[in-house]
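Following: one structure in structure tokens, then a few remarks.
Nothing in this text is a laboratory measurement; each read-out follows from the coordinates by a stated rule. These numbers come from a predicted model, not from an experiment. Counting neighbours? That spans all protein chains shown, and the Cβs are built from the backbone with ideal geometry, glycine included.
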Amino acid sequence: MKTTLIVTHTDLDGVMAGLTATQTSQSDATILYAEAGAPGIDAVLQQVLDDIEAGKLRKPAHVMLLDNTPSMQMLMQFNQVTGVQPVVYDHHVSNAPVWAEATTVARFITDDTGTSSATELVFKDQRAAFTTLPFWQTLVTLTNLYDTWMWQDAAYDDDVATGSTAQVLNEVLYFLGRERFSTRITAAKEASISSNEKPRDLLTKIFSPVIMGLVDDRMAANAAYVLKKAEAAEFGDLTIGDTTYHYAYVTASKQMSEIGNALTSLQDVDFGLVINNGALSFRVAKDKDVDVSLVAAAFNGGGHAKASGAKLRLDWPAILQQAVTTEN
């Protein structure tokens, strides 16, 4: 293992936060990816500890945990085994209790206002490392707008299409895949790109006109898919404590955020729920007074007030057995 260990999430904010963090480590960094929530990052860190104790890895000198927060127990264990105090950059308010309790075993750089992504937190904290990369600010802005859902605000429907270009950047990631996306972004560090590039022009320079055209076609097809899914929504009621929520739900294997956003706009719906083989994606419109991080917490998940997730551990053999009907 290199001297710096970075563990980050798999979505646009996680990937861009990781790429931003590597700029501060002079490329001497190992990036590992974790699924959302404490169980996801705990599993990755546990594997690191197991490999260290087995002599397969050296202890890292520096550790950065991005767009996620481990459990209190894992932070204590990691600090005890490695002697390292990780720096955690996170903006998921459901993790606030750990931020408050674990200050002796980790350093936290966080946002609880819903306006800063992990990428922006890393960038602001390490801004001095980007003096030779003036265009990076635009990438941070696009990532931040998309991850905080501000890209849909009227303020970013401007003459350079900042808001919609943030959505395009997210689509490029899923079109190319994490490795190819990261390779293109990293290569852009060596190119002569000015800070005056319009957002769309910047992405075209980084990824090529051909890729951008293919992404546009993909987004048009996805829009039709999202509409079809939303039209097929079913409805249910969920009681948690003293609160009963009315929600719209569908099953889907892609475009979960976009479908969730479409569902939450349906009449009299408190939130939209997209289910993907046990993965639960909760979305709620900005103007609705519903905190879906509380809903996700009921399933041992978490996230943001307006978008959260959880994972159901489905015991399919037991479910199938219970569903068997026996004829007399």
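In the chain, which whole DSSP H runs stretch at least 18 Å along their own axis (Cα) and average -1.0 or higher on the Kyte-Doolittle scale? Could you put the intermediate results ahead of the total?
Details: long enough: 38-53 (22 Å, 0.35); 162-176 (21 Å, 0.67); 209-231 (33 Å, 0.34).
Span-like helices, by this rule, are 38-53, 162-176, 209-231.
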**Asked** When all alpha-carbon pairs of the range 129-172 are counted, what percent fall beyond 16 Å?
**Response** 34
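Quick check on the range 232-316: take the gyration tensor over C-alpha atoms, sort the square-rooted eigenvalues as a ≥ b ≥ c, and tell me if it's rounded (a/c under 1.5), prolate or oblate.
Values: a/c = 1.41, a/b = 1.11, b/c = 1.27.
Rounded, since a/c falls under 1.5.
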**Request:** For LEU312, list long-range residues whose amide hydrogen, built 1.01 Å from N in the peptide plane, is under 5 Å from its own amide hydrogen.
**Result:** ALA279, LEU280
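When a/c reaches 1.5 or more, the comparison of a/b and b/c decides; with that in mind, is the range 132-207 rounded, prolate or oblate per its Cα gyration tensor? Intermediate values should be presented prior to the final figure.
Working: a/c = 2.07, a/b = 1.30, b/c = 1.59.
Here the range 132-207 falls in the oblate category.
Compute, for the range 225-321, the length of the dipole vector about the Cα centre, with Cβ point charges of +1 (Lys, Arg) and -1 (Asp, Glu) only. Units Debye, rounded to 20.
Working: 9 positive and 11 negative charges, 95 e Å.
With Lys and Arg at +1 and Asp and Glu at -1, about 460 debye.
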**Request:** Report the residue, chosen from ALA54, ALA307, ALA252, that carries the largest GNM mean-square fluctuation when the chain is represented by alpha-carbon nodes joined by springs under 10 Å.
**Result:** ALA54
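Express as a percent, rounded to the nearest 5, the fraction of DSSP beta bridges in the chain (both residues included) that run antiparallel. Let's see the in-between values first.
Values: 19 of 41 bridges.
Bridges in the chain that DSSP calls antiparallel: roughly 45 percent.
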**Prompt:** For the chain, what is the charge dipole size about the Cα centre, in debye to the nearest 20, if Lys and Arg each add +1 at the Cβ and Asp and Glu each add -1 at the Cβ?
**Reply:** 1060
**Asked** Taking Cα centroids, how far is the range 14-67 from the range 142-198 in Å?
**Response** 24
**Request:** Would you mind telling me which residue in TYR245, TYR146, TYR89 has the biggest mean-square fluctuation in a Gaussian network model of the chain, where springs connect alpha carbons within a distance under 10 angstrom?
**Result:** TYR245
**DSSP-defined antiparallel bridges as percent of all bridges, the range 148-286, nearest 5** = 70
**Request:** Loop only per DSSP, at most 12 neighbouring Cβ atoms within 10 Å: give me the trypsin sites (Lys or Arg not before Pro) in the range 1-96, ordered by residue number.
**Result:** LYS56, ARG58
